[in-house]
Structure formats: C-alpha cells, structure tokens
Amino acid sequence: MTYGDPPGERYLGDKTAWDGETLVVTGDELLTVLDRPYLSASTAKAMHSCPARLVADRALPGTFDLFGPAEKGTAAHLVLERLFALPPASRDALHAAAILTAMSKDEPADESVVDYARALGTDPVRYTQWIAAITRAYEGLFAIEDPADVVVNGTELMLNGVEVGGVPFKGVLDRVDETPDGLRIVDYKTGKDRSRPNPRFGDDHGDQIKLYAAAMQAALGEKPRSGFLYYVEHGKKRRVAVADRQITKAVRGFQGSWEALQESLSNRTFETRTSPLCGWCPLVNACPAAAREGMTDRRGGAPTLIELGIPTLRPALAARRAAHLPTDDTPDPEDTMSKTTPWREAKPYEGAQVDGHLSLNAYAATAVFGLTTLAAEQLHASGQKIGPATLRLVTGVLATIVLDAQEAVTHGSRDWQEGANTRLRGALRTSLDLIPMPFGGDHDAWSEWGKRTRNFLVAVATTAIDLYDAGPAVDIDALVVATGGAGSDAAQSAA
Ligand code: SF4
C-alpha cells in the first residue's frame, strides 16, 4: 500500500487531535473502526510498537499498488495456496508459473480476490515486470522444501471465535502440515529476510507463530508440534519454538496489548512511542514525539503536516513543552511537588518513562537498579568503601561495558528496555567471576579489563545466538585441538 491519494484523503483534522505527544481520537466513526471485537497478532504488535501509528494506519486509506510490498505478498501467497491445493506430484515450479499466469488473466471468483487482469491492463512491459516480481516473491519456497513431499492438512485456515489467554483472537494460518511428529504450522513471509531476527526490533514473526499455536490448540484441541517461518523470497526458513513456556510469554504480551487497546479506546487517547520505525510512519511529519527525536520521513511521500491538518489541543501547553518550559501539568524539578505527587504506575512494556521520569516498573528500571546493586556487591567483595562517588564510578563502568556490548550485538541499540540488555547483564555476572575487576590497578589495567569484559559479553551473546540459529554442533576432534588435548599441537609442543 502507498499512502492515501488524493491528498484530500490524508486529512485527519476532523477525527484526531494532538494533546501533547498523545494522539486523541475525536471522531466517533474512527473510534468504531478501531474498536474490533477481536485482536489479531498484527494489531497486538502495532499496539506494542506505537498505538498512535495504529490509529493512523486505520484512518488513512491505502491505495492499491500492484508492485507494493503488501500487494506482491498477497499475490505470492495466492500462488502458494493454489499450488498446495494440487496433487503432490504437480506441485512444481512449472505449475506455480501456470497458476500465476492464470491469475493474471482470470476474472476473480469474488470481491475478496484482486482483479489482477484489470490492474495489469494491456501494457506487456508491465505484465512481464509483474510476473517476474511475483515469481521472485515465491520461488524461494522450492529451495526450502520439495512441495511434493508435503502432506497438507489445510491452507488459509481461519481461526476466529477462539480465545487466546482470555482475549478473542483472529488470524489466518497459511498452511498446516501433517508430519510423523504431529501437526506443523507454516507461515509464508515475503519481503525482507528475517530468518535471523534482530533483537533490537523484537520478534513479532516468532510471536505470531506462537499465538497461532495457542489459537490452534484452543480451536482444534491439538497443539502443533512445530512452527516454521518460510521467507519464500529468500529460500530461508526458521523454526520457532512452540513449547508451553515460549507460548505463555507471547500470550502475556498479547494480553497486555489487548488491555492497552481497551484502555486507549475507553479514554480515546493513543500514546506515541518513538523508534527507528518512525521513519516509515504516515504521521512522521506531524508527530510531536518524532519531531522531538528529530525523526524524518525515510520512506518518501508521507503526508505533510498541512495535509494531515491535525489540530493541537491546549496549544499554549504544547508550546511551553516544545520550549522546555515548566507547564502546569508537569512537575517543576525544583519544586517539592515532585516529591508529593505519587508516581504513576505503568506496565513494564509501556516504555522506559512515565510522566517524564523513569518508570520504576520498566525493564529499564530493572536494568539500572540491577547494575547499581551489582556495583555495590563488587565494591563490598573487594573490601572497598561503598560511598556515593565510588558507587557512581563503578556503576558507570559496568553500564558502559554492557551498553557497548549491546550496541555491537544488536548493530546499534543502547536501549535499556531491550532483551539484549537483560541477557548481557546476566552474562556480566559470569564475566565478573572469571575476569574480576582490577581494584587497586592503574589506568591501563582498567582499560584492559574493560576491553576483555566487553569482548567476553559479545562472545557469549554471539555464541548463544548462533546456537539457537544453527543448532548445537558436536566436533570432538576440534574440541580436543582447541583445548590442548592429547595428540594436539599444543600438547605435543608441551611434551
Ligand atoms: S512518528 Fe513514531 S512516535 Fe509518532 S506516531 Fe508515528 S511511529 Fe508513533
């Protein structure tokens, strides 16, 4: 989808307004559109990512673009759905090509199917380009598996009217296979290869499979034995763990999104949550939170501030906020009010800050408190005096090492909220046992220690992630050589 056209349809001034950095839904019709009697995995993810963007995505009409990523994905999914409806011996690249050609000519059976013949028109160049683009979007499937070997239980399986964690769920499973071990869920993904997910951006694809597994159990009374993501444009697949523990975690996040959505609907307010994805948000040119963070349109063609026309409630307040001046509703740090006003409780996933200060329920709070107490433990174990200055200095060193390692592992993130930060702080405890802090040492000793500790954390993280991605590998000969065992070069030169 591209952004709505013509520009007149980009106007949101009659249904939304900004109140500070929160988007208020002022139009009843839009509120009804947002208030669905079920939650899908993608809406749950959208609520978790940025609730205000969810409003924008529902409010701004998308226009059909035959070559857009979503439209290409829909066409590729349709080819694969029809391919797996054929007898096993016919599920090959030739039949897939024939299905695609037929799609480009056929009149759709009903309105739910795109009229590709009409959308393509009579331009032969456009036709050839489209055939090539859709073929590219699905043909990686043949590198992942031989479709003739697959025992299909069902395709496009609609799960509706079931509850996941007490939340009404809706979703469509691309394919369910029968295997000797039991049922297997397969979800096709077109677009970017995310077979190795970046922890910086969470794992919404993996969570989706886990939610499907939970929904399938609720609907059919049978839990799948495995779940797979097929990145059919790239010929890559990824197995997603569907053990009860992993599913429970995903379901908890799903419940949290549902509760947050219900709360937003009841008070009509949808928070903004900035992230690198702001660059692809249709509100980026009008969003006060994005402006504060200096985010700009990375996709191109986002509606302008004028086109969106979203008014600002309490403009004087907004202006004072923008100028970083004290406002009536924000505590003056010099004022005792901040000591007497109770801190509002927020959920851990609601972000690092609430009302302008650190949310003490946030994962970030767990991180900074944990590092500070770890610093105190280290000082105590080394017989050092624990004072505010030494505590601050040692905490600073530990925190910098964790954040540097996190940045290396996640390709750029230093966010306290993220799982990578939690995992690396866990590894830091082991590192401190193996490579103790050089209390009493000089500047060089501390620098060397810092470097070794950071490298250790990165090594642990990359080994652990590789273990998950590639599975365990046993090579006894390599192990003997690496650990200087009998017969190795190291053992012989020692002899
Ligand atoms: S620009 Fe960013 S913070 Fe603002 S609404 Fe969009 S995604 Fe949310």
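The values are calculated or read from the model by the stated rules, or taken from the named source; none is laboratory data. All figures in this text were calculated on a predicted structure; none of them were measured in a lab. Quick reminder, even Gly has a Cβ in these numbers, built from the backbone with ideal geometry, and neighbours come from all protein chains shown.
Numbers below:
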read-out: Candidates 147, 199, filtered to the one that is surrounded by 18 or more Cβ atoms within 10 Å (Cβ to Cβ) and modelled with pLDDT under 95; value: 199
read-out: Tally of residues being over 38 Å from the mean Cα position of the chain (by Cα), loosely packed, with under 12 Cβ neighbours inside 10 Å and over 29 Å from residue 379 (Cα atoms) across region 431-486; value: 3
read-out: Any chance residue 250 is among the small types (Gly, Ala, Ser), more than 16 Å from the ligand (Cβ to nearest atom), modelled with pLDDT under 95 and in contact with a Lys or Arg (Cβ under 6 Å, 6 or more places away or on another chain); value: yes
read-out: Verdict on residue 174 being in contact with a strand residue (DSSP E or B) (Cβ under 8 Å, 6 or more places away or on another chain) and within 25 Å of residue 419 (Cα to Cα); value: no
read-out: Residue 104 being within 19 Å of residue 67 (Cα to Cα) and part of a loop (DSSP other than H, G, I, E, B); value: no
read-out: Output for region 382-406, where each listed residue is within 16 Å of residue 428 (Cα to Cα) and either buried (at least 17 other Cβ atoms within 10 Å of the Cβ) or hydrophobic (A, V, I, L, M, F, W, C) (or both); value: 394, 395, 397, 398, 399, 401, 402, 403, 404, 405, 406
read-out: Single residue of 101, 22 found to be β-branched (Val, Ile, Thr) and more than 30 Å from residue 292 (Cβ to Cβ); value: 101
read-out: Qualifying position, being out of contact with any His (no Cβ under 6 Å at 6 or more places or on another chain) and in a loop (DSSP other than H, G, I, E, B), among 56, 76, 109; value: 109
read-out: Residue tally, condition more than 13 Å from the ligand (Cβ to nearest atom) and part of a loop (DSSP other than H, G, I, E, B), over region 10-25; value: 4
read-out: Number of the exception - residue 117 against (1) modelled with pLDDT of 95 or more; (2) under 21 Å from residue 95 (Cα atoms); value: (1)
read-out: Any chance residue 174 is modelled with pLDDT under 95, of a type in the set (D, E, K, R) and either outside any loop (DSSP other than H, G, I, E, B) or farther than 30 Å from residue 225 by Cβ (or both); value: no
read-out: Filter result (within 16 Å of residue 116 (Cβ to Cβ) and touching a strand residue (DSSP E or B) at 6+ places or on another chain (Cβ under 6 Å)) within region 81-101; value: 81
read-out: Any hit, region 31-41, residues being within 25 Å of residue 310 (Cα to Cα) and within 16 Å of the ligand (Cβ to nearest atom); value: yes
read-out: Positions within region 262-272 being within 15 Å of the ligand (Cβ to nearest atom) and part of a helix (DSSP H, G or I), in sequence order; value: 264
read-out: Criterion: among the charged types (D, E, K, R), more than 19 Å from residue 172 (Cβ to Cβ) and assigned by TED's automatic domain parsing to the domain that holds residue 73 - qualifying residue of 110, 106; value: 106
read-out: Scope region 42-53; condition among the basic types (Lys, Arg) and within 12 Å of the ligand (Cβ to nearest atom); matching residues; value: 53
read-out: Segments classed as helices (runs of 4 or more DSSP H), wholly inside region 334-414, with at least 3 members that are modelled with pLDDT under 90 and farther than 30 Å from residue 48 by Cα; value: 337-340, 388-410
read-out: Region 273-309 - residue that is polar (S, T, N, Q) and either assigned to a helix (DSSP H, G or I) or within 11 Å of the ligand (Cβ to nearest atom) (or both) and, of those, surrounded by the fewest Cβ atoms within 10 Å (Cβ to Cβ); value: 296
read-out: Selection within region 414-427 - surrounded by fewer than 21 Cβ atoms within 10 Å (Cβ to Cβ), in contact with a helix residue (DSSP H, G or I) (Cβ under 7 Å, 6 or more places away or on another chain) and among the small types (Gly, Ala, Ser); value: 419, 427
read-out: Qualifying residue in region 437-452 (condition: assigned by TED's automatic domain parsing to the domain that holds residue 403, of a type in the set (Ser, Thr, Tyr) and closer than 29 Å to residue 197 by Cα); value: no
